[in-house]
Amino acid sequence: MNTFYVTTPIYYANSLPHLGHLYTMIVADSIARAKKQRGIDTYFLTGTDEHGINIERAAEKNGRTPKEQADYVVSYFTRMTSEFGLDTEHGGYDIFMRTTEPFHYEGVSELWRRVAKAKTPHGNDALYKGHYEGWFCAPCAEYKTEDEYQKPKNEGDPPTCLIHDTPLDRVSEESYFFRLSDYEEALLSAYERPDFVRPEARRNEVISFVRGGLQDLSVSRLKTSVSWGVPVPDDPAHTMYVWFDALTNYITAIGFGNEERQKAVGFEKFWPALHLVGKDILRFHAVYWPAFLLAAGVELPRAIVAHGMWLDPNGRKMSKTLGNTIELDVLQKHFSIDAIRYFCLREMVFGQDGRFGYEGLIDRANSDLASGLGNLSSRTLTMIARYCDSRIPSPVIPEDKLLLAKRTGVDTDETTIAGFIEHARNQFLLHFENLAFSRALETAWSVVARVDKMITDAKPWDLAKDENQKPTLSAVLYRAAESLRWLTVLLHPVMPGATHAIWSQLGMEGSPAHINPAELKWGQLKDGAAIGEVQPVFPRIDKVKTMSEINAGEKPVHATEADTAGAPATQPAPPMTHATEADAVGVTSFIEIDDFAKVDLRVGQVLSAERVPKADKLLLMKVDIGEEQPRQILAGIAQYYEPEKLVGRKVVIVANLKPRKLRGYESQGMVVAASYGEEGRPVIATFTEDVPNGARLK
Ligand code: ME8
């Protein structure tokens, strides 16, 4: 039988799930659903990587045992997969793999034994004992990597521990090494298969890395250095290198080295897999993993496909410190799963980095889903309900009505639109198969546009006024409904919930999950069949309201050393409250109430905010303060606030400050903010209760 196996990376159990993890799962889930739809027996793996020093450290920091730490993180992952419809119950993954499973220990030990017995293509032992050398911190009882120590000021001196500020010892310990250097040619010949490492640009990177020469790889640590891991078979004083252990999950999950799993799933049945990974871990998957498999005599993966990384809307890496991360609970609260899935696949050109922001997500959901597919679906079905008594109308225009139909400009030849859709279907499937999701979706939306145009040109509401045009009206609505049926089948792997809803509203039984898109035939929609209850599938999102809710619930941005380094000494449009000497000693002089009354403070709401070109500290905002025109206001807060996160936010404005020009823009007021710390970090004043724009503060 035709089978398919797709995997995501197994995620580190030292930190909680985030958008990046969700993304790879969504891609894998969409691929798996598309395969299942075509009748292919598919297995989809995701899970967690639970061993190694980082998990040990996280556990220690949180006062847990390493297993408790892993269980804790796994509970968040499984909650995420359930809430986002990615678990088995919702038709998602087939296994949530955990490397602490006993069957994994068995399988990984089996792979180790095979490698330990193997000869390299050059006739050497694939595994040998040597010495690992590194900088060791005695108080920490561990080796330090380059980013974990302070380089010495004087050449010849040892580096120092960042935690203890004590010199590190150069220590060498016994370790098993994998003779990676003997696999250069074998790997290069594996890369000759063009679809093995994808996309092309990443394949080229991997090839040049391997051509540059490979070093043997240390694949074990003494148990005294790293104890949380799989013991080396027959030499328990050593713990396996966490990547050897983690990569092997892809085969142990389906039965390699364990009878029970083998019976339950089947290694021969599903291997080789398509591995989906972020580009950050491509080398481990495209160099080390195939080399281990070559040594053990196990078939290589079907493909290793690396996707790009999500950045913030300004193209910066997402980080908690910058406060520009996308929170899963915010996504879950404000957006439908289908909108998130659609955005992920539409917005990131597969293989390249993509930008993820709440505003962008709202815009796409509103334009492509609410106004696009959703509108097509509801206008078609509403007209069928209104003009055709809620039954799928007939596609046939009788001979004697053809001339009449032609006069309205309607194409009487049904095969024109059928041909268009068939071609689009073929293109869609081709792009999807090549993992070019964004292009596939673009193609599907060309169908939405085409059908929309057909309806608008035919003006069914006018046709309905003329009894003689009833067959023309029926034919137009049939074509729209049939196109919609095709679209729901094509889009089902990307938006399982919404397509299922449209399917039922069309009056179809079963689910588009079981319709093979390659076998769709025009005209299979039965005329005369009753449609279901018409309901909006993609409600429009109120951007200002949603952004304001998101921003109101936003967690505070914490200043860190990294944030404050190089922060401006003066702000071009300074926050109202300045930390001055007077602050330090308390109030030094009093003002009369009349003095205060001179300041016109008003409630405002940010309508838009953007960065000012070539002024990295300035934001240009439009703020509604209850006047006819919004105010244009510049504020020196760009280093602390993401512009899109301010949209919708209620702020306090000094409305009667003399306008002044900054960088060629007139600033017509000032945003009030607290200011603290040496660098005068601004925190914008806001309200926790509803208040209308323009209300005065007094
Ligand atoms: O590397 N954009 O686990 P990990 C898109 N345990 N995807 C992202 C992302 C972003 N900004 N950030 C993370 C590990 N990802 C190892 C893997 S596999 C045998 C062992 C996704 O928790 C992406 O898939 O650091 C990336 O490769 C993965 O999370 C890294 O997850």
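Quick one: which strands (runs of 3 or more DSSP E) lie wholly within the range 92-154 and hold at least 2 residues that are outside the structural domain of residue 267 (by TED's automatic domain parsing) and surrounded by 13 or more Cβ atoms within 10 Å (Cβ to Cβ)?
So the answer is 127-137, 142-144.
Would you pick out the residues in the range 506-533 that are over 30 Å from the mean Cα position of the chain (by Cα) and buried (at least 18 other Cβ atoms within 10 Å of the Cβ)?
Within the range 506-533, 506, 507, 508, 522, 525, 531 meet the criteria.
So which residues in the range 259-282 are surrounded by 17 or more Cβ atoms within 10 Å (Cβ to Cβ) and away from the ligand (no atom under 11 Å from the Cβ), if there are any at all?
Those that are surrounded by 17 or more Cβ atoms within 10 Å (Cβ to Cβ) and away from the ligand (no atom under 11 Å from the Cβ): 261, 262, 265, 267, 270, 271, 273, 274.
I'm checking my understanding of the structure. Among residues of the range 241-255 that are of a type in the set (A, V, I, L, M, F, W, C) and open to solvent by less than 10 Å² (accessible area, probe 1.4 Å), which one is farthest from residue 177 (Cα to Cα)?
Once the filter is applied, the top-ranked residue is 254.
Somewhere in the range 71-83, is a residue surrounded by 18 or more Cβ atoms within 10 Å (Cβ to Cβ) and not in a helix (DSSP H, G or I)?
Looking for residues that are surrounded by 18 or more Cβ atoms within 10 Å (Cβ to Cβ) and not in a helix (DSSP H, G or I), one finds none in the range 71-83, hence no.
Name the residues in the range 185-206 that are assigned to a helix (DSSP H, G or I) and in contact with a helix residue (DSSP H, G or I) (Cβ under 7 Å, 6 or more places away or on another chain), would you?
Answer for the range 185-206, where residues must be assigned to a helix (DSSP H, G or I) and in contact with a helix residue (DSSP H, G or I) (Cβ under 7 Å, 6 or more places away or on another chain): 186, 187, 188, 190, 202, 206.
In this structure, is residue 454 in the same structural domain as residue 369 (by TED's automatic domain parsing), assigned to a helix (DSSP H, G or I), hydrophobic (A, V, I, L, M, F, W, C) and within 22 Å of residue 396 (Cα to Cα)?
Yes, satisfied.
How many of the residues in the range 319-330 are within 14 Å of the ligand (Cβ to nearest atom) and out of contact with any strand residue (DSSP E or B) (no Cβ under 8 Å at 6 or more places or on another chain)?
Number satisfying all stated conditions: 7.
How many residues are within 15 Å of the ligand (Cβ to nearest atom), part of a helix (DSSP H, G or I), within 26 Å of residue 339 (Cβ to Cβ) and not acidic (Asp, Glu) if we restrict to the range 22-59?
9
Return yes when residue 344 is within 16 Å of the ligand (Cβ to nearest atom) and modelled with pLDDT of 95 or more and no when it is not.
Answer is yes for this residue.
So residue 254 fits all but one of (1) assigned by TED's automatic domain parsing to the domain that holds residue 127; (2) more than 16 Å from residue 290 (Cα to Cα); (3) within 16 Å of the ligand (Cβ to nearest atom); what number is the exception?
(1)
Scan the range 507-529 and report the pairs whose first residue is over 19 Å from residue 425 (Cβ atoms) and whose second residue is at pLDDT 95 or above and not hydrophobic (A, V, I, L, M, F, W, C), with Cβ atoms within less than 7 Å and a gap of 6+ or a chain change.
Taking only residues 6 or more apart or on different chains, the pairs are 507/532; 527/393; 527/394; 527/395; 527/478; 528/391; 529/391; 529/507.
I'd like the full set of residues that are more than 14 Å from the ligand (Cβ to nearest atom) and open to solvent by 40 Å² or more (accessible area, probe 1.4 Å), limited to the range 347-380.
363, 364, 367, 371, 375, 379
The values are calculated or read from the model by the stated rules, or taken from the named source; none is laboratory data. Worth saying up front: this structure is predicted, and the values here are computed from it rather than measured. Note that each Cβ is placed from the backbone with ideal geometry, even for glycine, and that neighbours are counted across all protein chains shown. These accessible areas exclude ligands, DNA and RNA; they are computed on the full protein's heavy atoms, side chains included. Shrake-Rupley method; radii C 1.70, N 1.55, O 1.52, S 1.80 Å.
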